[in-house]
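So the structure is just underneath, and the comments pick up after that.
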Amino acid sequence: MTGHENSANGEHLVLENAQLTLDNGSVLKALTLAYRTYGQLNDDRSNAILICHALTGDHHPSGANPLTGRAGWWDNMVGAGKPIDTDKYFVICQNVVGGCAGSTGPSTLRADGTPYGLDFPVITIGDMVRAQNLLLDRLDIPDLFCVIGGSMGGMQVLQWTAAHGDRVFSAIPIATAARHSSQNIAFHEVGRQAILADPDWHGGNYAAEKAEPRKGLAVARMAAHITYLSEAALQRKFGRNLQDRERLSYGFEADFQIESYLRHQGISFVDRFDANSYLYITRAMDYFDLAAEHGGNLANAFTDTSARFCVVSFTSDWLFPTSESIALVRALNAAGANVSFVEIESDKGHDAFLLDEPEMEKTIVGFLGAAAIARGLPAQNHPVTGDAHD
Amino acid sequence: MIDPRANANGNLAENRIDLKLIADLVEPQTRVLDIGCGNGQLMELLVNERGADARGLELSQQGVNACVARGLSVVQGNADTDLSYYPDQGFDTVILSQTLQATQRPKDVLIEMSRIGSRLIVSIPNFGHWKIRLDLALRGRMPETRALSASWYETANIHLCSMLDLIDLCDAVSLRVETCLTVTKGKVSRTSGRPSAWQNLTAELVVLELTR
């Protein structure tokens, strides 16, 4: 049986005979793709924007998240009258394959009623994008006006242009890279080892044991969260301030605010994320290397796309530093692609792409507006304001 | 405004008459690379009036951000180091407007430009202008003019030259002068081919159209 299901958790495309062939050679047959859409598809079906989410994101970028009750992870960016304007564009966001917000992943129950666990095939960024292609096919959308995303979402954007370039009119990869660096693989490995070392992980079968590797996953999140921030932002926000106390405890309680903050980040993450999904998705990022897939020359990845690119990085992002974006831009130039590149001044580290960054918003409004004109879509409802014009 | 060349060149609006002249030299509907595109004034002219497929390279991040917010295709980069990443003959016309004098290695920049495109348009403030000569002769100090208002220790213009100097350099890198436009007190005169020593004395600003 194949069909669409509506639920409080967005829409679900249920494909019982999907035949999604993965990079590791295996085939996913039973496949559920959880997604959400905003706005109206126009008559030409030419105004669709796909938003690709990051490692721990989901398909609720805008509006309330029905599972947590909190605002979507890109609520400042996506919505009526916002830079990604749902009054003007048909916006789609899909939970990645391997995720745990509704799409098929390691926590999904198989026909026999048991979750995949470690029987789930190792997935790649390419597989995530293949699944998104499948969704577009089912929604009968021939091509995307724009594909946009930050971090792992940016990797999917690049994969879209490299593997399905004929379906992409414009692309906005933000705070990302064409390959996961050695340092980034190292941080992911620390996180995975924290999960694997938790006795409650049970070799991935924690569901059967009615357990959950909460401590391991929390530590993984704590380590990762540090990489999303910057030294300057930590100093500004927390400094060496003490948490709920006047003096040091001479023990191992959370004396410092930063410790308390990280512990909170770890604990609250465990409530919304599956440990095995964390293993699989971090692995997908580690495996991403677009140049390696194209004979070692990154420019070769972009020879088949006519997409216009807007590459965005942030000055204080040390996880996906500007140097990665520059390497990408050079490859795009060498491929003769239409590319813009903006580095945004911010002390908020990698997470800046999720936060209120007026310069990023201006950049995206300007780029999308020009792309819309080139695509023959109506001009932006709200013009660029501020000092962009002299 | 945030044009980085404002510091080097003083008031932009007054001194960028060359932008219109350059735009008029560009064939409609062609691919153009503007090196040192500032906040995108020229690119906007090229896109809107010449229907060009224009790309820009700009050193200052502020300039780049302003361009992209205006919907222009611009990347942050340095003319001295980043032109090598552009493919051979990827553009019809490559423009360098009042930027050559701010590069580290003007000769290499011209060579790279002629590799990237078959047609070059280069504009410079002319250091051979009589007022500048007189200024140096009479005062014995580095000239500061309306177009070159920064003091010698602050200016971004590290490789100033006269129009004849530039033409010598074009000869050295096998670039032929097709058209020479000179500007004096807002008045434009056009010469086919090489300009004269007299023009070198009277022109405040020069725009050269060059081919390989």
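The values are calculated or read from the model by the stated rules, or taken from the named source; none is laboratory data. Because the structure is predicted, anything quoted here is derived from the model rather than measured. Cβ coordinates were reconstructed from backbone atoms using ideal geometry, including for glycine residues, and neighbour counts include every protein chain displayed.
Would a scan of segment A:28-46 turn up a residue that is under 22 Å from the mean Cα position of the chain (by Cα) and among the basic types (Lys, Arg)? Spell out how you get there, then give the answer.
Here is the first cut: in segment A:28-46, the residues under 22 Å from the mean Cα position of the chain (by Cα) are A:28, A:31-39.
Next, from what is left, pick out any that are among the basic types (Lys, Arg): A:36.
Yes - at least one qualifying residue is present in segment A:28-46.
Give just the number: which of (1) in contact (Cβ under 8 Å) with a residue 24 or more places away in the chain; (2) touching a strand residue (DSSP E or B) at 6+ places or on another chain (Cβ under 8 Å); (3) over 18 Å from residue A:338 (Cβ atoms) does residue B:41 not satisfy?
So the condition that residue B:41 fails would be (2).
If only one of A:246, A:259, A:253 is over 18 Å from the mean Cα position of the chain (by Cα), part of a helix (DSSP H, G or I) and more than 14 Å from chain B (Cβ to nearest Cβ), which one is it? Reasoning before the result, please.
On the way: A:246 fails: part of a helix (DSSP H, G or I); A:253 fails: part of a helix (DSSP H, G or I).
Criteria check complete, one pass: A:259.
Which residues, taken from segment B:175-212, are β-branched (Val, Ile, Thr) and within 11 Å of residue B:18 (Cβ to Cβ)? Explain how you work it out, then say what you get.
Here is the first cut: in segment B:175-212, the residues β-branched (Val, Ile, Thr) are B:177, B:179, B:182-184, B:188, B:191, B:202, B:206-207, B:211.
The answer is B:182, B:183, B:188, B:206, B:207.
Out of everything in segment A:308-321 that is within 10 Å of chain B (Cβ to nearest Cβ) and either out of contact with any Asp or Glu (no Cβ under 6 Å at 6 or more places or on another chain) or buried (at least 22 other Cβ atoms within 10 Å of the Cβ) (or both), what residue ends up being farthest from residue B:82 (Cα to Cα)? Steps first, answer last, please.
Keep residues of segment A:308-321 that are within 10 Å of chain B (Cβ to nearest Cβ), which gives A:308-313, A:315.
When the remaining residues are screened for being either out of contact with any Asp or Glu (no Cβ under 6 Å at 6 or more places or on another chain) or buried (at least 22 other Cβ atoms within 10 Å of the Cβ) (or both), the result is A:308-313.
Numbers: A:308: 20, A:309: 18, A:310: 18, A:311: 16, A:312: 18, A:313: 18 Å.
That would be A:308.
Take segment A:326-346 and flag every residue that is more than 9 Å from every other protein chain (Cβ to nearest Cβ) and either under 21 Å from the mean Cα position of the chain (by Cα) or at pLDDT 95 or above (or both). Before you say what the answer is, go through the steps one by one.
Narrowing segment A:326-346 to residues more than 9 Å from every other protein chain (Cβ to nearest Cβ): A:327-328, A:337, A:346.
Those that are more than 9 Å from every other protein chain (Cβ to nearest Cβ) and either under 21 Å from the mean Cα position of the chain (by Cα) or at pLDDT 95 or above (or both): A:327, A:328, A:346.
Go through segment A:376-390 and give me each residue that's more than 14 Å from residue A:85 (Cα to Cα) and either modelled with pLDDT of 95 or more or more than 13 Å from chain B (Cβ to nearest Cβ) (or both). If you could, list the steps in order and put the result at the bottom.
Pass one, segment A:376-390, residues more than 14 Å from residue A:85 (Cα to Cα): A:376, A:385-390.
The one that is more than 14 Å from residue A:85 (Cα to Cα) and either modelled with pLDDT of 95 or more or more than 13 Å from chain B (Cβ to nearest Cβ) (or both): A:376.
Could you figure out which of (1) without any contact (Cβ under 8 Å) to a residue 40 or more places away in the chain; (2) more than 20 Å from residue A:288 (Cβ to Cβ) isn't true of residue A:164?
For residue A:164, the exception is condition (2).
Let's see how each residue does on (1) farther than 16 Å from residue A:131 by Cβ; (2) not assigned by TED's automatic domain parsing to the domain that holds residue A:127:
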| site | (1), (2) |
| --- | --- |
| A:144 | no, no |
| A:147 | no, no |
| A:152 | no, no |
| A:157 | no, no |
| A:160 | no, no |
| A:166 | yes, no |
| A:169 | yes, no |
| A:172 | yes, no |
| A:191 | yes, yes |
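Show the residue pairs that are 6+ apart or on different chains and have beta-carbon atoms under 6 Å apart, the first residue being within segment B:64-75 and within 19 Å of residue A:330 (Cβ to Cβ) and at the interface with another protein chain (Cβ under 7 Å from one of its Cβ atoms), the second being crowded, with 24+ Cβ neighbours inside 10 Å and polar (S, T, N, Q).
B:64/B:76; B:68/A:340; B:68/A:363; B:73/A:340; B:74/A:340
Okay, residues lined up against (1) within 28 Å of residue A:62 (Cβ to Cβ); (2) in the same structural domain as residue A:123 (by TED's automatic domain parsing); (3) among the charged types (D, E, K, R); (4) free of Cβ contacts under 8 Å to residues at least 60 places away in the same chain:
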| site | (1), (2), (3), (4) |
| --- | --- |
| A:6 | yes, yes, no, yes |
| A:9 | yes, yes, no, no |
| A:12 | yes, yes, no, no |
| A:15 | yes, yes, no, no |
| A:20 | yes, yes, no, no |
| A:25 | no, yes, no, yes |
| A:36 | yes, yes, yes, yes |
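Can you tell which of A:245, A:283, A:330 is of a type in the set (Lys, Arg) and in contact with a helix residue (DSSP H, G or I) (Cβ under 6 Å, 6 or more places away or on another chain)?
On the way: A:245 fails: in contact with a helix residue (DSSP H, G or I) (Cβ under 6 Å, 6 or more places away or on another chain); A:283 fails: in contact with a helix residue (DSSP H, G or I) (Cβ under 6 Å, 6 or more places away or on another chain).
When all the criteria are applied, what remains is A:330.
Specify the residue that is nearest to residue A:56 (Cα to Cα); the eligible residues are those in segment A:238-251 that are among the charged types (D, E, K, R) and modelled with pLDDT under 95.
Keep residues of segment A:238-251 that are among the charged types (D, E, K, R), which gives A:240, A:244-247.
When the remaining residues are screened for being modelled with pLDDT under 95, the result is A:244-247.
Working: A:244: 30, A:245: 33, A:246: 36, A:247: 36 Å.
Per the criteria, the residue is A:244.
Which of the residues that make up segment B:83-109 are of a type outside the set (Val, Ile, Thr), more than 14 Å from every other protein chain (Cβ to nearest Cβ) and closer than 15 Å to residue B:32 by Cβ? Lay out the reasoning, then the answer.
Going residue by residue through segment B:83-109, those that are of a type outside the set (Val, Ile, Thr) are B:83-92, B:96-98, B:100-102, B:104-108.
Within this subset, residues satisfying the condition of being more than 14 Å from every other protein chain (Cβ to nearest Cβ) are B:96-98, B:100-102, B:104-108.
Within segment B:83-109, B:96, B:97 meet the criteria.
Would you check if residue B:178 is among the charged types (D, E, K, R), touching a Leu at 6+ places or on another chain (Cβ under 6 Å) and part of a strand (DSSP E or B)?
Numbers: among the charged types (D, E, K, R): yes; touching a Leu at 6+ places or on another chain (Cβ under 6 Å): no; part of a strand (DSSP E or B): yes.
It is false that residue B:178 is among the charged types (D, E, K, R), touching a Leu at 6+ places or on another chain (Cβ under 6 Å) and part of a strand (DSSP E or B).
Working carefully through the options A:281, A:267, A:258, A:344, find the one that is surrounded by 22 or more Cβ atoms within 10 Å (Cβ to Cβ), aliphatic (A, V, I, L, M) and outside the structural domain of residue A:174 (by TED's automatic domain parsing). Break it down stepwise before answering.
Working: A:267 fails: surrounded by 22 or more Cβ atoms within 10 Å (Cβ to Cβ); A:258 fails: surrounded by 22 or more Cβ atoms within 10 Å (Cβ to Cβ); A:344 fails: outside the structural domain of residue A:174 (by TED's automatic domain parsing).
Result: A:281 is the single residue among A:281, A:267, A:258, A:344 that is surrounded by 22 or more Cβ atoms within 10 Å (Cβ to Cβ), aliphatic (A, V, I, L, M) and outside the structural domain of residue A:174 (by TED's automatic domain parsing).
Would you check if residue B:118 is surrounded by fewer than 23 Cβ atoms within 10 Å (Cβ to Cβ), of a type in the set (S, T, N, Q), away from every other protein chain (no Cβ under 14 Å) and part of a strand (DSSP E or B)? Can you show your working first?
Values: surrounded by fewer than 23 Cβ atoms within 10 Å (Cβ to Cβ): yes; of a type in the set (S, T, N, Q): yes; away from every other protein chain (no Cβ under 14 Å): yes; part of a strand (DSSP E or B): yes.
Considered against the rule, which asks whether it is surrounded by fewer than 23 Cβ atoms within 10 Å (Cβ to Cβ), of a type in the set (S, T, N, Q), away from every other protein chain (no Cβ under 14 Å) and part of a strand (DSSP E or B), residue B:118 comes out as yes.
One line per residue, one yes/no per condition, for (1) touching a residue at least 60 places away in the same chain (Cβ under 8 Å); (2) touching a His at 6+ places or on another chain (Cβ under 8 Å); (3) in a helix (DSSP H, G or I):
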| position | (1), (2), (3) |
| --- | --- |
| B:101 | yes, yes, yes |
| B:108 | no, no, yes |
| B:132 | no, no, yes |
| B:136 | no, no, yes |
| B:143 | no, no, no |
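Would you say residue B:80 is part of a loop (DSSP other than H, G, I, E, B), closer than 25 Å to residue A:325 by Cβ, free of Cβ contacts under 8 Å to residues at least 40 places away in the same chain and more than 13 Å from chain A (Cβ to nearest Cβ)?
Numbers: part of a loop (DSSP other than H, G, I, E, B): yes; closer than 25 Å to residue A:325 by Cβ: yes; free of Cβ contacts under 8 Å to residues at least 40 places away in the same chain: yes; more than 13 Å from chain A (Cβ to nearest Cβ): yes.
Considered against the rule, which asks whether it is part of a loop (DSSP other than H, G, I, E, B), closer than 25 Å to residue A:325 by Cβ, free of Cβ contacts under 8 Å to residues at least 40 places away in the same chain and more than 13 Å from chain A (Cβ to nearest Cβ), residue B:80 comes out as yes.
Might you check whether a residue that is in contact (Cβ under 8 Å) with a residue 60 or more places away in the chain and over 16 Å from the mean Cα position of the chain (by Cα) occurs anywhere in segment A:282-290?
Here is the first cut: in segment A:282-290, the ones in contact (Cβ under 8 Å) with a residue 60 or more places away in the chain are A:282-290.
Now restrict to residues that are over 16 Å from the mean Cα position of the chain (by Cα): A:289-290.
Yes, some residue in segment A:282-290 is in contact (Cβ under 8 Å) with a residue 60 or more places away in the chain and over 16 Å from the mean Cα position of the chain (by Cα).
Look at residue B:165 and say whether it is within 15 Å of the chain's Cα centre (by Cα) and among the charged types (D, E, K, R). Can you show your working first?
Details: within 15 Å of the chain's Cα centre (by Cα): yes; among the charged types (D, E, K, R): yes.
Against the criterion (within 15 Å of the chain's Cα centre (by Cα) and among the charged types (D, E, K, R)), residue B:165 qualifies.
Inspect all residues belonging to segment A:207-214 and state whether any of them is part of a strand (DSSP E or B) and surrounded by fewer than 19 Cβ atoms within 10 Å (Cβ to Cβ). Walk me through how you get there before you give the answer.
Going through segment A:207-214, the residues part of a strand (DSSP E or B) turn out to be none.
Within segment A:207-214, none of the residues are part of a strand (DSSP E or B) and surrounded by fewer than 19 Cβ atoms within 10 Å (Cβ to Cβ).
In this structure, is residue B:48 modelled with pLDDT under 95, under 17 Å from the mean Cα position of the chain (by Cα) and within 12 Å of chain A (Cβ to nearest Cβ)? Give the derivation first.
Working: modelled with pLDDT under 95: yes; under 17 Å from the mean Cα position of the chain (by Cα): no; within 12 Å of chain A (Cβ to nearest Cβ): yes.
Considered against the rule, which asks whether it is modelled with pLDDT under 95, under 17 Å from the mean Cα position of the chain (by Cα) and within 12 Å of chain A (Cβ to nearest Cβ), residue B:48 comes out as no.
Those residues that are surrounded by fewer than 22 Cβ atoms within 10 Å (Cβ to Cβ) and either in a helix (DSSP H, G or I) or at pLDDT 95 or above (or both), I need them from segment A:289-307; list them, please.
Within segment A:289-307, A:289, A:291, A:292, A:293, A:294, A:295, A:296, A:297, A:299, A:300 qualify.
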